[in-house]
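Heads up, the thing below is written out as structure tokens.
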Amino acid sequence: MLRPRIIPCLLIHDKGLVKTEQFKNPRYLGDPMNAVRIFNEKEVDEIIVLDIDATVEGRGPDFKMIEHLAEECRMPLCYGGGVTTVEQAQKIFSLGVEKIAFSAGAINNPALISEISEKVGSQSVVVVLDVKKKLFGGYEVYVNNGKKSTGKSPFDLIGYFEKLGAGEIVINSIDRDGVMKGYDMKLIEASRKETTLPLTALGGAGALDHIGELINKFGIIGAAAGSLFVFKGKLKAVLINYPNFPDKESLIKKFL
């Protein structure tokens, strides 16, 4: 039975775990492997790990790091960062990763999505769209950690990548990243109308109620968050956390 997924998203910068705000000022939080171990104990639904340096630095994936992550993870792992070829993707899958997330790689070479989907199945191919509000209304997709505008609307790209063979779409709000004031519900609603694929929202969650609101409005959806699962309290003390099983289930049942 399909159900909502509550997903921690970890950012890797200079080989450390960091958290950004509106894609800026990465704050070092510690060793990503330690975070993964804690999330193992907390039985998270799945985890997304994004290497935010790879594309900006013009390099490929850090396979050794990915191998260590996959060996440590006891939950489904989605990795993103620097994947630009089918061969890189195949190697990552061979290390035990269940899904690969593409952002700039998909924008720059859309055929990559079709090629990988044909080889491994669409369920393992995730497209992440980093989205920012335009000054005079509407939304625009950015790449390279929000530094480079594509000039493209996320709503046009969602259907395009679905046709190419993507199996999941992640809508990541740059404006809401690290702000912890709630998801951009208008953005998610407009995105949901464009596809029947599994959709995951990222950017803005600062309380479990924000996840509850998302599930209440959209039902079967992925609720991803970074700050919510690595910070505690108004002073943002570093504390890896996740709702325990009874709390998670009651949260989902309450809003479905």
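Rule-based calculations on the coordinates, nothing more; no lab input. This structure is a prediction, so every number in the text was calculated from the model and none was measured.
Where both partners of a DSSP beta bridge lie in the chain, what percent of those bridges are antiparallel, to the nearest 5? Walk me through the numbers on the way to the answer.
Values: 15 of 45 bridges.
Counting DSSP beta bridges with both partners in the chain, the antiparallel share is about 35 percent.
Post the alpha-carbon centroid distance, the range 212-256 to the range 93-109, in whole angstrom.
After rounding, the separation between the Cα centres reads 25 Å.
Between rounded, prolate and oblate, where does the range 86-192 land on the alpha carbon gyration tensor, with a ≥ b ≥ c its root eigenvalues, rounded for a/c under 1.5, else prolate if a/b exceeds b/c? List each step's numbers first, then the result.
On the way: a/c = 2.00, a/b = 1.81, b/c = 1.11.
Cα axes put the range 86-192 in the prolate bin.
Could you give me the ³J(HN,Hα) list for the range 138-155, computed from phi with Karplus coefficients 6.51, -1.76, 1.60 and θ = phi - 60°, whole Hz, x at Gly and Pro?
Rounded to whole hertz, the list is x, 10, 9, 8, 10, 10, 6, 6, x, 8, 10, 6, 8, x, 10, 7, x, 6.
Which three extents, in angstrom, do the Cα atoms of the range 7-124 have along their principal axes, listed largest first?
Rounded to whole Å, the extents work out to 36, 30, 23 Å.
Starting from the Cα gyration tensor of the chain, multiply each eigenvalue by 5, take the square root, and state the resulting semi-axes largest first in whole Å.
Rounded to whole Å, the semi-axes are 24, 22, 19.
Pop out the ³J(HN,Hα) list for the range 15-22 in order, Karplus 6.51 cos²θ - 1.76 cosθ + 1.60 with θ = phi - 60°, rounded to Hz; leave Gly and Pro as x.
So the Karplus estimates, Gly and Pro as x, are 6, x, 7, 10, 9, 10, 10, 6 Hz.
In whole Å, how far is the Cα centre of the range 194-208 from that of the range 3-57?
Each part's Cα centre sits 16 Å from the other's.
Going by the alpha-carbon gyration tensor, a ≥ b ≥ c the square roots of its eigenvalues, is the range 131-256 rounded (a/c under 1.5) or, if a/c is not under 1.5, prolate (a/b greater than b/c) versus oblate? Before the final figure, lay out the partial values.
Working: a/c = 2.14, a/b = 1.38, b/c = 1.55.
Oblate is the answer for the range 131-256, as a/c is 1.5 or above yet b/c matches or exceeds a/b.
Got the relative contact order for the range 5-255 handy, in percent, Cα pairs under 8 Å and 6 or more residues apart? Spell out each step's value before the answer.
Values: 496 pairs, mean separation 43.0, N = 251.
With pairs under 8 Å counted, the relative contact order is 17 percent.
Can you work out ³J(HN,Hα) from phi for every residue in the range 185-202, in order, using Karplus 6.51 cos²θ - 1.76 cosθ + 1.60 and θ = phi - 60°, giving whole Hz and x for Gly and Pro?
For the range 185-202, the Karplus curve yields 5, 5, 5, 5, 4, 5, 5, 4, 5, 8, 7, 9, 5, x, 10, 10, 9, 9 Hz.
Stokes-Einstein D for the range 184-256 at 37 °C, 0.692 mPa s, Kirkwood Rh over Cα pairs, in µm²/s?
Roughly 251 µm²/s, to the nearest whole number.
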